[in-house]
Every structure is written in C-alpha cells, then in structure tokens.
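Before any comments, here is the structure.
The values are calculated or read from the model by the stated rules, or taken from the named source; none is laboratory data. All values reported here derive from a predicted model rather than from experimental measurement. Note: ideal-geometry Cβ built from the backbone for every residue, glycine included; neighbour counts use all protein chains shown. The protein model used for the area step is the full one, side chains on, heavy atoms only, and it has no ligands, DNA or RNA in it. Shrake-Rupley method; radii C 1.70, N 1.55, O 1.52, S 1.80 Å.
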Amino acid sequence: MAKRLINNYDKVQDPGVRQRYGIISGAMGIAFNFFLFIIKLLAGVISGSISILGDAFNNLSDAASSIVTLIGFKLSGQEADAEHPFGHGRLEYVAGLIVSLLIIITGVELLQQSVNRIFHPEEVDFNYYIAVILIISIFVKLIMFQSNFSASKLIESATLKSVAIDSISDVVTTSIVFISALINFIFKLNIDGFAGILVAILIIRSGWDAARDTINPLLGEPPSKELLRDVSETVNSYDGVLGVHDITIHNYGPTRIFMSLHVEVPSDRDLISVHDMIDFIENELHQKYHCIAVIHMDPVVEGDAETDELKKKISEALIKLDSKLSFHDFRIIHRHDGRKTLKFDVVVPYDYTLSDTFIIDYLKRYSLIKDVMDCEITIDKEKRADK
C-alpha cells in the first residue's frame, strides 16, 4: 500500500511521507475494525456470549482509536505558527495517549460486565458460523499487527506501535473467546464470564503498555545510545574537533528535533575558521537528522605544562574515587588581578549516591588545587543515555 499510495515511500525521515504512513494506517484501522465490530456484534447477539460482545465493542473502540490516530497524524503535520513555534509534532503522542485511554476504558467496562455474568450466567449458543467469524477476526488482526508494527519501525512511531500492540492483544483475546466458546460447545461448561475477565485484563494491560510508550516522549526521555554515538562520530570526524560533550536533544515530535552540544576546539586556532567549521557541522546535523542544531564552542589549551599537570591530577583523583566519573571543559582562567582560576565540570550520573559537595571537596583535597589557585568545579548531571 505504501508503494502504491505514497510518493518517495522509502524516504521515511521526510515529515510529509511520515504523515502519510500514519494516515494510511489510521484509515485502514477504521475500515477493518468497523467491519470486525459488525460481524462480532452479530455473533455476540446470536450466541448470547458476553465475551464475544465485549470483543466486538473492543473493536469498536479500536475503530475510534484509529480515527484519533488519523486525526493525530494529520494535525501533527501542520507547520509551526505564532502560538506553536515548535510545530505540532507532539500531537501524535497525544493521539497515542488518547488511544491508550480508550483501550483501558473498554477493558474496565468489559471487566464489570464479565463479573456480573459470573454471578448471573446465561446460556451461550455456538455454531460453525460463529467459529468462522472469530477465525476471520484473528486473521484480520494479524494482518493489522504486521502492517502497523512494520510502519512503526519504519517511521519510529510510538503511536503506531501502540496500535500494533493492541492488534496482537486482540488476537490473544479473540483466541480466548474462541476457546471459551469451544469448551462450552464440547463439554457444556460455561466459562464465558471468566473468559471475559481474562480478556478484560489483557485489554487493560495492552492499554497501559501503550500509554507508557506515549507518556515518556511527552514528559521527555533521553536519546538512544545509537543516536548519541552517531552524532558524536559525525562531529568528531571534522579536522580540528578535539571532543564533544553535553549533547542535549529535545523532541517536539518525531520529525522536530532540537539539538545542542559542546564542541571542543584548539584554543590557538583562528576564530573565523573555527566559526566556519561549526557552521558546517550544524548544517550536516540538520541535513542528517532534520533537526535544528546549536553548538557551543569550548576552546581547549594544548601543550601547556601547568594545565596538563593539573588535568593529570584530577584524572587520577576521579579514578581513585569512581571510574564512572569523568570531567570536561578543563581550563585555567588568568584574571586581571594576577590570580588564576581553574574551572572544569565533573560529569555525575543522575542516581549517584555521593553528594556534589563531597565530590568537590574531595577533588580539592586530593589535588591540592586550593593551595595553588582558585577553583570552580561544576557538577554536571549526566544527560546522555550511554553513561
């Protein structure tokens, strides 16, 4: 379908192509889920099975979810405006969250009806026509799972991944309904209410998992190790770059990324040439990741005996304290009154047990910095996912 309906379907980083994948997925979900709702509703009314009826209305909620998905992708593709200068990309995550809530609500309602059916059981009818309907439903949901999961991987969409998870969950729930009806047909054992409870729990669980996948990007989550490594390799490939750190990536939607980073350069290099190099790096990052990149330049003094000796002391001190710790932005500032100040940042994991004050005091004591010059140490909580 993508090859037939989407121009340049393989250029999934393009916002327009990505949007069309989401719209096609939403339209397909509306059609398939409404079809399944109709045939399961008929099967549920004929058989009198609460679990089949619950499964039918689960498909109806899935159709509503597909409408939300379609609208979410459509709105998220709008350009930035005065009220939303960073675009509307996060509407896709909001759509995914709404889908998740609809799934959970459906599960809770089915749970209530199933508990009631246990205390007030009713006769359940089953025949070959109903069996065929349930088998068709399982087959259609497998198709939907495969298509949505493939699309979610292609365009890296948490919303389509949620839809795919819901589809495979529906395969399991419909299978449970089918087995329950089959047991009742063969052994005359009515477990319809219990099957409905199990189906409801699985529906609620799939809704919760889907919600978690959309809440994380809404709240803000760290970039992947692969992305950080790729960005670092891209920046370090330039002649004149000594290192890169403090990579911060803000996600305002899957195709709207804002990136900031610190790039270390030799302090004795011509300022104009360094500025031009930074511009080239920012442009390459923009082309490669469809992002807005802002780079802070950190000049690094090379070949200075005093700086090298102090850097060696700090490195030894951190190794003795904990090999997880590192430092950057190491420099000596010569002040107008003749005094010198050593400044550097210590990178500390978020969940580190030692206090910032303890680390700073330890470094000053170990390296005897305070007896040589003034010292300013900043604790930098680790922003990267690979530490």
- Assign unit charges at the C-beta atoms only (+1 for Lys and Arg, -1 for Asp and Glu), then state the dipole size of the chain relative to its Cα centre in Debye, rounded to the nearest 20. 1140 debye
- In what sequence, highest mean first, do 141-150, 330-339, 290-299 appear when ranked by Cβ atoms within 10 angstrom? 141-150, 290-299, 330-339
- How much length, in nm to one decimal, is gained on full extension between His336 and Glu156, taken as 0.36 nm per residue of separation minus their Cα-Cα distance? 59.5 nm
- Query: Out of Ala80, Gly96, Ala27, whose Cα points farthest toward the positive end of the dipole of the chain (charges: +1 Lys, Arg; -1 Asp, Glu; placed on Cβ)?
  - Reply: Ala27
- Message: If you restrict to DSSP beta bridges whose two residues both lie in the chain, what percentage is antiparallel, to the nearest 5?
- Response: 45 percent
- Message: For a 29 Å ceiling on Cα separation, which of these pairs sit above it: Lys320/Lys343; Lys74/Lys161; Lys161/Lys188; Lys288/Lys312; Lys225/Lys340; Lys320/Lys381?
- Response: Lys161/Lys188; Lys288/Lys312; Lys225/Lys340
- Message: Could you tell me how far the Cα centroid of the range 114-176 sits from the Cα centroid of the range 24-54, in Å?
- Response: 10 Å
- Task: Beta carbons within 10 angstrom, averaged per residue: use that to sort the peptides 27-39, 112-124, highest first.
- Result: 27-39, 112-124
- Query: Given the rule -39500 (n - 2.57) for each run of at least 4 DSSP H residues, summed and divided by the residues of the chain, what is its mean residue ellipticity at 222 nm, to the nearest 500 deg cm²/dmol?
  - Reply: -21500 deg cm²/dmol
- Cβ charges +1 (Lys, Arg) and -1 (Asp, Glu), total dipole of the range 189-297, debye: 580 debye
- Task: Enumerate the aspartates and glutamates that Lys40 could reach by cross-link, defined here as Cα to Cα under 13 Å, with residues fewer than 8 away along the same chain left out.
- Result: Asp55, Asp170
- Accessible area of the chain belonging to carbon and sulfur atoms, whole % at 1.4 Å probe: 61 percent
- Item | Answer label for Kirkwood radius over Cα pairs in Å (calculated), chosen among [x] 24.9; [y] 22.3; [z] 20.4 | [x]
- Along the charge dipole of the range 223-267, Cβ charges K/R +1 and D/E -1, which of Gly240, Pro223, Asn251 sits furthest on the positive end? Asn251
